[in-house]
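Remarks on the structure that follows.
The values are calculated or read from the model by the stated rules, or taken from the named source; none is laboratory data. Fair warning: this is a prediction, and the values are worked out from it, not measured in the lab. We place every Cβ from the backbone using ideal geometry, glycine too, and count neighbours over all the protein chains shown.
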Amino acid sequence: MKTAVSVALIGLTLGVSVAQHDDDLLFGRDGNRVEIIQPQPHPIRQMSSVLGRFILDVGMDFYFDYNTGLPDLQFCRVQQVWISPGLVGSKSGFGNVFCESGCSNFFNLPTNNTPHHHFIFAAPSPGVYVWDVQGVNAVARGGVALQDMPYAYRVYMVAGNPLRLFGTVQPAQGYQGNLYDLRLTVQLRQGGNALATSMLPPNPSAIHPYMVGFNQPAGTYTVVAKLSKHLSRRVDNLSLSGARAQNWQFTTLGDVNGDDVIDDADLLQILFAFGSTDANADVNGDGVVDDADLLVVLFNFGAVGEGAQ
Ligand SMILES: [Ca+2]
Ligand SMILES: [Ca+2]
C-alpha cells in the first residue's frame, strides 16, 4: 500500500492542471490487482442541502505514481455493487449513471480521454445513504490485465442530521460465508409500532461495517436488527439523538426464509435445494446445500428472534 504522504505530494504536483480532491477515489494497483489507493477507508461524507435536496460531489481518478508522474492504470471500470434506494449519482452530459434500478451503474476510466471525473449524488430526504463500488476489468500502465477488487469499497453519505446507528456486525459462529453477502435490516420501534427500517449489506472494509440513519425525532426507541439467515436481536429503551454506536452480535443461524422463526418451513427449503449451490438455502455459507445446513436448522429448531412480532 502506498503512503498517504506520496498521495499528498502527487496532489501538489498535479494541483494546477488537474484539480485533485482529498476525497476523490484514486484507482491504482496493488500487486496483481486493482485497488482504490486512497482514501482508505472512505470518510463519512456530509451532503449539502440545496433546493430541498441533498447533494454530494464524488470524484474519481487514477492514482499517479509519485516517482514517475504516471498513472498506475491505463483502464479501469468503476462498477457499482450496491446503492441505497433513493440515492442517484449523475454527471453532466451523461445523466443518471448510478441508481437502484434503470441506470448503467458503471463508468469507465478514462472516458473522453481523461480518468478524472466528478459525479453529483443526490438524495430526496434526510438519512444515511450508501454507495458501494469495485474496480474491475483494470489494465495496468504496462498493459497487464489486473484482478478485480475482491471487496466492495463503501462511501457513506449523510443527508441532514438523522438519528444514526453505526458499528460492527458479527454473524453466528457457524457462518462461514462472506458477511457482505448477507443483509442487515435495522428497525426503529416505539410502543410496538415499526417507525422506520433501513437495510444494507454489512461491509467490514468500510469505516463502520454498518451505519443507518432514520429521519425521526430524538427520543427513546426499541431497535431491532436482523441479519439474513439469522434470528433478530433487540435492544429496548435506547436513547437516540445524533449518532450512536451499537454493535450487533447474531448468535442463532438457520432462518432461511427470513420470517424470524426457525421451523419446518426452513427445513423444507433446504431439503428442496439439497445438493445444490442455492445461496438462499446455504445456511452456513460454505457454497453447498447439504446435511451441515440441515443440522444447523435442526439444532436451532423452534427458536424465535428477539424482535419477532
Ligand atoms: Ca424461518
Ligand atoms: Ca452449506
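One table, with the values for the structure above:
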{"item": "Any pair with Cβ under 7 angstrom, 6 or more apart, that starts in the stretch 133-149 at a residue that is on the phi > 0 side of the Ramachandran plot and ends at one that is buried (at least 16 other Cβ atoms within 10 Å of the Cβ) and not hydroxyl-bearing (S, T, Y)", "result": "N137/R77"}
{"item": "Some residue of the stretch 64-71 being of a type in the set (D, E, K, R) and modelled with pLDDT of 95 or more", "result": "no"}
{"item": "Given (1) surrounded by fewer than 16 Cβ atoms within 10 Å (Cβ to Cβ); (2) over 24 Å from G127 (Cβ atoms), number of the condition V235 does not satisfy", "result": "(2)"}
{"item": "Residue check for H230: outside the structural domain of P39 (by TED's automatic domain parsing), under 22 Å from Y175 (Cβ atoms) and within 16 Å of ligand 2 (Cβ to nearest atom)", "result": "yes"}
{"item": "Selection status of P204, within 21 Å of N178 (Cβ to Cβ), surrounded by fewer than 17 Cβ atoms within 10 Å (Cβ to Cβ) and more than 16 Å from ligand 2 (Cβ to nearest atom)", "result": "yes"}
{"item": "Test: residue in the stretch 251-271 that is in contact with a strand residue (DSSP E or B) (Cβ under 8 Å, 6 or more places away or on another chain), under 16 Å from L179 (Cβ atoms), at pLDDT 95 or above and assigned to a strand (DSSP E or B)", "result": "yes"}
{"item": "Close pairs from the stretch 39-56: first in the same structural domain as H21 (by TED's automatic domain parsing), partner loosely packed, with under 12 Cβ neighbours inside 10 Å and part of a strand (DSSP E or B), Cβ under 9 Å, at least 6 apart", "result": "F54/S48; I55/S48; L56/S48"}
{"item": "Extreme residue, farthest from the chain's Cα centre (by Cα), among residues of the stretch 247-289 that are more than 16 Å from ligand 1 (Cβ to nearest atom) and buried (at least 18 other Cβ atoms within 10 Å of the Cβ)", "result": "G285"}
{"item": "Residue count, the stretch 213-231 (criterion: within 17 Å of A194 (Cβ to Cβ) and surrounded by fewer than 22 Cβ atoms within 10 Å (Cβ to Cβ))", "result": "6"}
